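Engineer: Before I ask anything, here is the structure I am working with.
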Amino acid sequence: MSERNAPAVDLAVIGAGAIGLSIAWRACERGLSVVVVDRDLAGGGTSRVAAGMLAPIAEATPAEEPLLELGLQSARRYPGFARELALAAGVTDVGYTRPGTLLVARDVDEAQALERELGLRRRYGLSVQRLRASEARRLEPGLAPGLRLALDVPDDHAIDPRALTAALVAATRRAGGELRERTAVRALALSGERVRGAILEDGCVLAARNVVIAAGVWSAELEGIPAVARVPVRPVKGQILRLHDPAGPGLLHRVVRMGPSYIVPRSDGRYVIGATSEERGFDTTVTAGAAFEMLRDAAELVPGISELVIDEFSAGLRPATPDNLPVIGSSAVEGLHWATGHRRGGILLAPVTAELVCNALLGEDPGPLAAAFTPARFHPAPAGARR
């Protein structure tokens with residue numbers, strides 16, 4: 001094993017998805033020297049197949065109060081985050097839009113679920129309006145007449161994850177960060193109980209005073225992580241369709257959600273339909289059954305979907321933890337930080353995750369928001385011991 005002659009950087013980020021790149025950009029802005037490494041192209045993993053809805057209530061259940069609060073905090077940061085990112089990247093558009101969302105119900109069970117969601121949104125002081133089917137169709141004429149109930153959520157927003165990651169790459173480089181694509185990390189490099197960098201696949205050591213593991217579903221696969229600092233992360237497969245309307249935009253203006261499924265319009269006549277949630281390990285094959293079910297459900301609500309052209313059918317792997325909460329913050333190993341396990345919410349949670357991790361890197365108090373997501377929750381102290 002050889003070590004590069006270059007001096008240690010302040011931070012090595014393992015993983016160049018939306019989470020890792022957001023951390024890298026914000027860390028560069030705060031004066032740290034940063035190198036990002038990824039086994040693939042930047043933004044080429046889970047972030048590439050994400051739909052990009054920024055809807056915190058939809059990404060958590062009422063039982064997941066900490067995740068709800070984290071999502072709400074991140075959603076509030078997004079308008080400023082998008083403006084700052086565009087300026088830092090030197091672009092005019094990072095794919096951020098504020099289309100609003102229509103939540104729709106087709107039967108009694110779905111209507112009851114919407115009533116619960118209505119109460120939850122009002123509890124958090126979010127703007128929401130209960131609509132009859134006819135009112136929903138006035139807002140979105142492309143909807144089928146067979147709706148039972150709808151909720152209008154005007155403040156939900158969305159972003160194109162591919163435009164987001166491209167802008168993050170540009171912003172990180174312009175801020176002085178280094179990006180090494182197609183560079184696999186084999187193991188964590190340690191010196192006693194402290195991180196000293198990452199061991200690359202070719203045996204070289206990328207020397208770093210701090211390491212952030214933001215490698216999504218691959219985070220738990222890294223070698224050399226002590227048992228006291230390791231966190232459990234598993235892949236959850238999601239299949240997703242991308243289509244476009246040859247006639248241009250106009251079929252839908254708002255995001256439409258029906259239970260776990262959704263249709264996300266882009267401003268140029270493209271649409272994203274998704275997504276499955278499957279415990280299939282690291283399998284990323286796409287199946288005819290999944291495509292049929294997604295298209296059937298979407299066309300049942302928006303008949304014009306059947307006229308769209310399919311551009312892409314793909315599958316991604318969402319990183320999930322046993323308690324469905326992300327892992328964000330410092331570990332028991334000095335200099336080792338985690339930012340993974342975001343499940344369906346990686347795009348939504350990128351701004352707040354970057355903030356929490358950078359605060360920890362600079363020794364600042366992350367505040368009470370971070371307590372529920374600490375890696376230490378997977379390594380409880382023995383009875384009678386003080387952590």
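The values are calculated or read from the model by the stated rules, or taken from the named source; none is laboratory data. Note that the structure is a prediction, hence the values are computed from the model and not measured. Here the Cβ positions follow ideal geometry from the backbone for every residue, glycine too, while neighbour counts run over all protein chains shown.
Engineer: Assigned to a loop (DSSP other than H, G, I, E, B) and under 18 Å from Ala16 (Cα atoms): does that describe Gly203? Can you show your working first?
Structural biologist: Working: assigned to a loop (DSSP other than H, G, I, E, B): yes; under 18 Å from Ala16 (Cα atoms): no.
So Gly203 fails the test.
Engineer: Follow-up question, since we're still on this one. Looking at (1) at pLDDT 95 or above; (2) in contact with a Leu (Cβ under 9 Å, 6 or more places away or on another chain); (3) surrounded by fewer than 18 Cβ atoms within 10 Å (Cβ to Cβ), which is the only condition Pro141 fails?
Structural biologist: (2)
Engineer: Is one or more of the residues making up the range 258-280 surrounded by 18 or more Cβ atoms within 10 Å (Cβ to Cβ) and in a helix (DSSP H, G or I)?
Structural biologist: The answer is no, given that none of the residues of the range 258-280 is surrounded by 18 or more Cβ atoms within 10 Å (Cβ to Cβ) and in a helix (DSSP H, G or I).
Engineer: Now a separate question. Looking at the range 222-249, which of its residues are closer than 30 Å to Asp109 by Cα and surrounded by fewer than 22 Cβ atoms within 10 Å (Cβ to Cβ)?
Structural biologist: Val236, Arg242, Leu243
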